[in-house]
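S.K.: My structure is below; once you've seen it, I'll send some questions.
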């Protein structure tokens, strides 16, 4: 298992989802991906993409109302 | 959503494809401008996939899509919408994906006569032909009005369980949605593309005119969705945030653009797109001051920042409303 960081700040949806999708395709089961976003839509869209594809969302955090941090465990 | 459900009901394995062109309306202005809105922000394609219980693949085609926008063989619709070329392009991309991932056919929600350009009886075969999908393109909502396709002839789907919808009315689709128990779905007749929007198309034409060439980058078309755009001179344009969300979005472009920001009064960040010569600085600053809370003050102090250079302080008289011709507004 390894841990990875993806900076998707300043990108508007669906680009954060596309970046997550592309990154996850390079990872293996059990890897953890930490995603940083700024589009509020990512709070719903990234977890929705994870649910559809069977990945586990470990955390969704929003700091100071701007930066969103989503942690995913790859299935 | 409906077309996928019709095929799913027949026991076919379906996965969704959603193309990102850069011109998608969905969520963008909402995300930028209505940060505090109580309305849930969601990507409809993802939401639909989740409701249907299918996988969704979102594919970024924004680079290749440029050629569709710039050189549509079938021309534009009412604005800069190249709908027929766009549909052919997307079906062709879906076909390529289908082959790589070993699927058998493509399903779309097209309905004969629903759209004035891309969904006419005479143009729907054009999409089949130009995309290369041919008989592997199934339109379940109007299939009974069209010649049987490969999935129907092979018995992969039962033609008698497909539909014969036609025309602009969405009532049959709404009835079918009710039949399936779908009460929440995207606006059935809503435009999903900024290129169908007259104001957006005018801004894109202005961009091409000012640069002397028909071209764009992704940042260009993103910025056209945001703020007021004023062109006081042919060689530069000002992009002015209208509210906090837009200002936050524009902040992300500070390092790429010359920009102005009022310092003596509250006011929006103003990006300068184009060449701001020495003689233009005062005019740009006076316009920026006009949109600050110091618009009625005798003088407003602003900071002019050219990326990589020391910021320059300016004190200017805000431009009067009557000195701002309407033609400046793009």
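The values are calculated or read from the model by the stated rules, or taken from the named source; none is laboratory data. Remember, it's a predicted structure, so these values are computed and weren't measured experimentally. All Cβ positions, glycine included, derive from the backbone under ideal geometry; neighbour counts span all protein chains shown.
S.K.: Can you tell me how many residues within segment B:16-26 are part of a loop (DSSP other than H, G, I, E, B) and within 10 Å of chain A (Cβ to nearest Cβ)?
M.R.: Looking only at segment B:16-26, we keep the residues that are part of a loop (DSSP other than H, G, I, E, B), and these are B:21-23, B:25-26.
Filter once more, so that each one left must be within 10 Å of chain A (Cβ to nearest Cβ): B:22, B:26.
Matching residues across segment B:16-26 total 2.
S.K.: Looking at segment A:1-17, which of its residues are farther than 16 Å from residue B:59 by Cβ, in contact with a helix residue (DSSP H, G or I) (Cβ under 6 Å, 6 or more places away or on another chain) and more than 7 Å from chain B (Cβ to nearest Cβ)?
M.R.: In the first step, residues of segment A:1-17 are kept if they are farther than 16 Å from residue B:59 by Cβ; the result is A:1-10, A:12.
Narrowing further to those that are in contact with a helix residue (DSSP H, G or I) (Cβ under 6 Å, 6 or more places away or on another chain): A:6, A:8, A:12.
Matches in segment A:1-17: A:6, A:8.
S.K.: Just for segment B:4-48: of the residues that are at pLDDT 95 or above, in contact with a helix residue (DSSP H, G or I) (Cβ under 7 Å, 6 or more places away or on another chain) and over 19 Å from residue B:193 (Cβ atoms), which one is surrounded by the most Cβ atoms within 10 Å (Cβ to Cβ)?
M.R.: Per the stated criteria, the residue is B:4.
S.K.: Of everything in segment B:46-64, what is within 15 Å of residue A:14 (Cβ to Cβ), under 15 Å from the mean Cα position of the chain (by Cα) and more than 8 Å from chain A (Cβ to nearest Cβ)? Give them in sequence order.
M.R.: Within segment B:46-64, B:61, B:62 meet the criteria.
S.K.: Could you tell me which residue of segment A:53-75 is nearest to the other protein chains (Cβ to nearest Cβ), considering only residues that are within 22 Å of residue A:1 (Cα to Cα) and over 12 Å from the mean Cα position of the chain (by Cα)? If you could, list the steps in order and put the result at the bottom.
M.R.: Initial filter on segment A:53-75 (within 22 Å of residue A:1 (Cα to Cα)): A:53-60, A:69-75.
Retained after the next criterion (residues that are over 12 Å from the mean Cα position of the chain (by Cα)): A:53-54, A:75.
Details: A:53: 6, A:54: 9, A:75: 12 Å.
The residue in question is A:53.
S.K.: Would you tally the residues in segment B:258-297 being closer than 17 Å to residue B:313 by Cβ and assigned to a strand (DSSP E or B)?
M.R.: 7
S.K.: Examine segment B:310-328 for a residue that is closer than 24 Å to residue B:206 by Cα, touching a residue at least 60 places away in the same chain (Cβ under 8 Å), in contact with a strand residue (DSSP E or B) (Cβ under 6 Å, 6 or more places away or on another chain) and surrounded by fewer than 19 Cβ atoms within 10 Å (Cβ to Cβ), and state whether such a residue exists.
M.R.: Start the filter on segment B:310-328 by keeping residues that are closer than 24 Å to residue B:206 by Cα, which leaves B:319, B:321-328.
If we keep only those that are touching a residue at least 60 places away in the same chain (Cβ under 8 Å) as well, we get B:324, B:328.
From what is left, the residues that are in contact with a strand residue (DSSP E or B) (Cβ under 6 Å, 6 or more places away or on another chain) are B:328.
This time we only want the ones that are surrounded by fewer than 19 Cβ atoms within 10 Å (Cβ to Cβ), so: B:328.
Yes, segment B:310-328 contains a residue that is closer than 24 Å to residue B:206 by Cα, touching a residue at least 60 places away in the same chain (Cβ under 8 Å), in contact with a strand residue (DSSP E or B) (Cβ under 6 Å, 6 or more places away or on another chain) and surrounded by fewer than 19 Cβ atoms within 10 Å (Cβ to Cβ).
S.K.: So which residues in segment B:66-94 are crowded, with 22+ Cβ neighbours inside 10 Å and either outside any helix (DSSP H, G or I) or within 14 Å of another protein chain (Cβ to nearest Cβ) (or both), if there are any at all?
M.R.: Residues satisfying the conditions are B:80, B:81, B:82.
S.K.: Being modelled with pLDDT under 95 and either over 30 Å from residue B:67 (Cα atoms) or assigned by TED's automatic domain parsing to the domain that holds residue B:67 (or both) narrows it down to one of B:252, B:294, B:245, so name that one. Steps first, please.
M.R.: Values: B:252 fails: either over 30 Å from residue B:67 (Cα atoms) or assigned by TED's automatic domain parsing to the domain that holds residue B:67 (or both); B:294 fails: modelled with pLDDT under 95.
Every option except B:245 fails the conditions.
S.K.: Which of the numbered conditions does residue B:161 fail, given that it passes all the others? Conditions: (1) within 25 Å of the chain's Cα centre (by Cα); (2) surrounded by fewer than 17 Cβ atoms within 10 Å (Cβ to Cβ).
M.R.: Among (1) within 25 Å of the chain's Cα centre (by Cα); (2) surrounded by fewer than 17 Cβ atoms within 10 Å (Cβ to Cβ), residue B:161 violates only (1).
S.K.: Another question about this same structure. Across segment A:21-38, which residue is nearest to the other protein chains (Cβ to nearest Cβ) among those that are part of a loop (DSSP other than H, G, I, E, B) and touching a strand residue (DSSP E or B) at 6+ places or on another chain (Cβ under 8 Å)?
M.R.: Initial filter on segment A:21-38 (part of a loop (DSSP other than H, G, I, E, B)): A:25-31, A:38.
Narrowing the set further to residues that are touching a strand residue (DSSP E or B) at 6+ places or on another chain (Cβ under 8 Å) leaves A:27, A:30-31, A:38.
Details: A:27: 17, A:30: 21, A:31: 20, A:38: 8 Å.
Only one residue fits best here, namely A:38.
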